[in-house]
1. State the number of residues belonging to the stretch A:42-65 that are open to solvent by 40 Å² or more (accessible area, probe 1.4 Å) and either at pLDDT 95 or above or within 14 Å of another protein chain (Cβ to nearest Cβ) (or both).
2. What tally of residues in the stretch B:53-71 results from selecting those that are at pLDDT below 70 and touching a Cys at 6+ places or on another chain (Cβ under 8 Å)?
3. Among the residues of the stretch B:232-261, how many are acidic (Asp, Glu) and part of a helix (DSSP H, G or I)?
4. Give all pairs with beta carbons closer than 8 Å in which a residue from the stretch B:387-402 that is in contact (Cβ under 8 Å) with a residue 24 or more places away in the chain meets a residue that is within 16 Å of ligand 2 (Cβ to nearest atom) and not in a helix (DSSP H, G or I); count only pairs at least 6 apart in sequence or on separate chains.
5. Tell me yes or no: at least one residue of the stretch B:224-236 is touching a Leu at 6+ places or on another chain (Cβ under 8 Å) and either of a type outside the set (Val, Ile, Thr) or within 14 Å of another protein chain (Cβ to nearest Cβ) (or both).
6. Got a sec? Which of A:Val227, A:Val231 is away from chain B (no Cβ under 14 Å), within 16 Å of ligand 1 (Cβ to nearest atom), of a type in the set (A, V, I, L, M) and in contact with a strand residue (DSSP E or B) (Cβ under 8 Å, 6 or more places away or on another chain)?
7. In this structure, is B:Ala40 more than 14 Å from every other protein chain (Cβ to nearest Cβ), at pLDDT 85 or above, within 20 Å of B:Ala359 (Cα to Cα) and more than 20 Å from the chain's Cα centre (by Cα)?
8. Being out of contact with any helix residue (DSSP H, G or I) (no Cβ under 7 Å at 6 or more places or on another chain), among the aliphatic types (A, V, I, L, M) and within 16 Å of ligand 2 (Cβ to nearest atom) narrows it down to one residue among A:Leu29, A:Leu62, A:Leu56; which is it?
Amino acid sequence: MEEKQKKVVIELDNVRRDFVVGEETVHALRGISFKIHEGEFVTIMGTSGSGKSTLLNQLGCLDTPTSGEYYLDGIAVSTMRKSQRAKLRNRKIGFVFQNYNLLPKTSAVENVELPLMYNSAYNARQRREAAEAALHAVGLGNRMNHLSNQMSGGQMQRVAIARALVNNPAVILADEATGNLDTRTSFEVLVLFQKLHAEGRTIIFVTHNPEIAQYSSRNITLRDGKVREDVLNPKILSAAEALANLPIPQDE
Amino acid sequence: MNFTNLIKVALKSIASNKFRSFLSMLGIIIGVAAVIIMMAIGQGSKESVRKNISQMGTNIIMIRPGSDMRGGVRQDPSAMQTLKIEDYRSIQQNAQYITHVSPEVSSSGQVIYGAHNTSTSIYGESTDYLTIKQWKVEDGMMFTEEDINKSAKVCLIGKTVAKELFPEGGDPIGKTIRFKSIPFRIVGVLKSKGYNTFGMDQDNLIIAPYTTVMKRILAQTYLGTINCSAITEEMTDQAIEELTKILRTSHKLKEHEKDNFTIRSQQEMMDTMSSTMDTITVILVVAAAFSLLVAGIGIMNIMLVSVTERTKEIGLRMSVGARGIDICNQFLVESIAISITGGVLGVAVGYLGTLVCGALGFPTSIPMWSIMVSFVVCTLIGVGFGYFPARKAAKMNPIEAIRYE
Ligand SMILES: Nc1ncnc2c1ncn2[C@@H]1O[C@H](COP(=O)(O)OP(=O)(O)O)[C@@H](O)[C@H]1O
Ligand SMILES: [Mg+2]
């Protein structure tokens with residue numbers, strides 16, 4: 001298959017994560033192994049408590065496995081120190097959160113600049129240019145200086161996506177990125193993710209909404225900290241079409 | 001994060017919480033202003049004391065009876081009767097480094113002229129006294145050697161005495177006043193000297209021949225003080241050495257015996273006064289500095305609140321790549337910015353406060369270094385009290401922090 005020749009961006013090798021709570025040990029991840037190649041759009045699904053967030057924290061280098069190994073872009077993460085992982089997040093990962101997590105009372109462009117503030121390779125001008133380019137890419141070229149609290153949920157999530165793009169990451173990690181949005185806006189955001197996918201970005205999208213899986217290229221389902229199902233999607237639906245077919249809102 | 005970015009982030013955070021930042025600055029402002037004002041008053045008083053003492057004549061040497069009292073040991077009264085007229089004569093004849101000598105005896109009491117009276121002090125002196133003290137006669141003239149030889153009942157009076165006894169403004173010269181019922185004819189009025197630094201009225205005195213005061217008022221044969229002036233200020237040390245030798249010979253002291261007199265120069269007085277003023281200044285400044293400590297605790301408190309409030313922001317910054325040290329620096333710079341801004345405002349308030357104190361009559365002088373010290377102290381406060389909250393922020397777990405509501 002074509003997929004086989006592509007570069008491996010993420011490789012999990014029997015990753016386990018245990019949490020010790022008092023006397024008990026919670027096995028949140030019980031030996032997870034998979035590879036994700038460059039340019040894949042993967043949805044991760046599962047019931048509540050199945051380990052999605054724990055897995056995403058591993059993928060995002062926010063946490064390290066109890067055992068097993070995780071390679072991000074070929075780099076082994078499990079033995080890294082905190083500050084090294086911070087740098088890795090800064091250069092290789094873009095996060096999109098359910099509740100946007102924008103800095104309050106801060107303009108869109110400044111929010112997008114944030115990751116580059118921690119990258120000394122960028123000076124102020126380069127930072128601004130990269131942030132503006134990212135905002136153009138998410139269709140907010142005309143909203144650069146809007147403050148975060150003056151924007152709608154959809155706009156805020158686009159700013160957050162621009163922030164995840166700005167450092168040109170190896171992988172974009174989204175945790176329930178449409179969870180707080182209404183159907184229409186959800187589809188608008190999905191259109192944006194599909195566009196990024198089409199441009200060759202690697203995306204991992206955690207959701208409990210099975211519908212969303214139809215718009216991704218691959219779907220991994222978790223249950224009790226294990227991979228229950230891992231399938232490629234032969235027929236990827238177009239979010240743009242779905243959006244066009246949505247009933248037009250009646251009010252106004 | 002580089003330094004410019006840190007400053008930008010810190011200023012932005014301060015600006016978005018203006019009122020709270022101002023409140024936490026307030027402690028620093030008050031503390032720094034208090035320190036500056038205290039230092040200014042301390043320094044100003046010291047300078048004015050020095051000026052006053054040097055106006056009194058820096059080459060003056062005072063000899064007092066009894067051994068050195070600086071240890072604070074009480075001496076028996078007989079030890080206080082060791083200075084005699086013979087000592088005075090011996091200094092007059094033998095001292096090379098001394099230009100003028102005046103023996104001194106004094107007494108205080110009521111002085112009466114007609115219906116008016118006032119309480120004052122009478123000083124028995126020689127004719128050299130005014131030269132030693134660099135005092136001037138405004139009206140009339142100084143009494144003479146002959147007056148001294150004859151123990152004449154003549155005197156000079158200070159401006160305050162003149163005002164009290166002659167409120168109608170009549171000419172005091174030639175009038176006879178009574179001090180402890182002894183009549184004195186006024187031969188001169190001294191030029192006004194005003195108050196000295198210690199608040200003493202330098203014009204409330206009577207000067208008479210020492211012979212007269214000794215015989216007719218005190219009926220004593222010993223002296224209270226001998227005032228001398230050295231040739232120059234630089235020669236006071238040699239002069240003191242010489243005086244010691246003369247007095248030891250005159251008192252027939254043996255090798256192992258302690259001096260039964262004490263010689264102090266004006267210079268020494270000035271140094272003692274200066275160091276006393278320094279001590280007072282230090283006490284004032286330390287008291288004021290405690291308010292800075294309290295201010296520091298205030299900043300720590302505000303920073304802790306700020307860190308907790310911004311847990312989510314900290315989590316976000318960490319997840320996009322901020323290291324612990326970046327977060328730590330961010331909060332440290334913020335607390336330093338608060339305390340230095342407070343410091344700048346404090347210096348300004350302190351400067352205005354000093355002007356006000358000056359206008360109210362306090363002697364003031366702001367030493368430049370007190371401003372430098374204020375800035376250094378403010379930076380230290382910012383670092384010292386910002387460190388704990390900053391560490392707390394830096395140690396947060398990004399996963400938990402970003403979920404914090
Ligand atoms: N920090 C933690 N401490 C203890 N248990 C945890 C912690 N994080 C997750 N868990 C447990 O691990 C399991 C998986 O949780 P999570 O990954 O949040 O599931 P999901 O995101 O799929 O709902 C749950 O049983 C949860 O209680
Ligand atoms: Mg979850």
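1. We begin by selecting, within the stretch A:42-65, every residue open to solvent by 40 Å² or more (accessible area, probe 1.4 Å); these are A:47-49, A:53.
Those still in the list that are either at pLDDT 95 or above or within 14 Å of another protein chain (Cβ to nearest Cβ) (or both) too: A:53.
Matching residues across the stretch A:42-65 total 1.
2. Count: 0.
3. Selection size over the stretch B:232-261: 5.
4. Short answer, once both residue conditions are applied: B:Pro398/A:Leu62; B:Ile399/A:Leu62; B:Ile399/A:Asp63; B:Ile402/A:Phe97; B:Ile402/A:Asn101.
5. Yes, that holds for at least one residue.
6. Unique residue meeting the criteria: A:Val227.
7. The answer is no for B:Ala40.
8. Matching residue, one of A:Leu29, A:Leu62, A:Leu56: A:Leu56.
The values are calculated or read from the model by the stated rules, or taken from the named source; none is laboratory data. Remember, it's a predicted structure, so these values are computed and weren't measured experimentally. Positions of Cβ are backbone-derived with ideal geometry, glycine not excepted, and every protein chain shown enters the neighbour counts. What goes into the accessible areas is simple: the full protein's heavy atoms, side chains included, and nothing from ligands, DNA or RNA. Shrake-Rupley method; radii C 1.70, N 1.55, O 1.52, S 1.80 Å.
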